[in-house]
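Here's the structure we're looking at; comments come further down.
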Amino acid sequence: MKKNIHPPYYNKAKATCTCGAEFSVGATTEKIEVEICSQCHPFYTGQKKLVDTTGQVQKFKKRLEKTETLAVKKSPKKKVKKDKESRRKSKTKKETK
């Protein structure tokens, strides 16, 4: 293996969560800032908490409402299937004109 190509590894890097929890981990940077950790994650705490930093849930709900309103406004179209003979007749009529 080549020497001196890897970044330095810190065995006790300090990770800080937005909830205020601090813990040490092994990493290539000395300080790490995270948005969620095991102390505030809903899976570990048992609390139902919506974690949405970019507004994806609101965008989805808005899009869902829009499609539902469009579905109500549009009436379903009736599809009429023509049999093979009627298609042939219509083609021959167009060709003769």
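The values are calculated or read from the model by the stated rules, or taken from the named source; none is laboratory data. As the structure is a prediction and not an experimental result, all values here were calculated from the model. Note that we place each Cβ from the backbone using ideal geometry, even for glycine, and neighbour counts take in every protein chain shown.
What to note about this one:
- Scanning the stretch 18-34 for residues that are under 26 Å from His6 (Cα atoms), among the β-branched types (Val, Ile, Thr) and assigned to a loop (DSSP other than H, G, I, E, B) yields Thr28, Thr29.
- So Val57, is it touching a Leu at 6+ places or on another chain (Cβ under 9 Å) and at pLDDT 75 or above: yes
- Residue in the stretch 3-41 that is modelled with the lowest pLDDT, counting only those that are under 25 Å from the mean Cα position of the chain (by Cα) and acidic (Asp, Glu): Glu35
- Taken as a whole, the structure places Ser24 among residues that are among the polar types (S, T, N, Q) and touching a Lys or Arg at 6+ places or on another chain (Cβ under 6 Å).
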